[in-house]
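The values are calculated or read from the model by the stated rules, or taken from the named source; none is laboratory data. Treat the numbers as computed from the prediction; the structure is a model and nothing was measured. Reconstructed Cβ throughout: ideal geometry from the backbone, glycine too, with neighbour counts over all protein chains shown.
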């Protein structure tokens, strides 16, 4: 089951965001730009969802 979490701005919680870079200050984050508050923020990218991890136990 492929479940993706919606990315939203960590400052104003808007979902009107655009991916700026696949990698941010670390390889586990991506950089996004918020069109509403005009902020750049980082979003943690996870390889697996919690459900997928629990299925492998």
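I'd like the full set of residues that are surrounded by 12 or more Cβ atoms within 10 Å (Cβ to Cβ) and modelled with pLDDT of 95 or more, limited to segment 10-20.
Of everything in segment 10-20, those that are surrounded by 12 or more Cβ atoms within 10 Å (Cβ to Cβ) and modelled with pLDDT of 95 or more turn out to be 11, 12, 14, 16, 17, 20.
Mind listing just one residue for me: the one in segment 25-48 that is over 17 Å from residue 11 (Cβ atoms) and surrounded by 10 or more Cβ atoms within 10 Å (Cβ to Cβ) and, of those, modelled with the highest pLDDT?
Across segment 25-48, the extreme among qualifying residues is 28.
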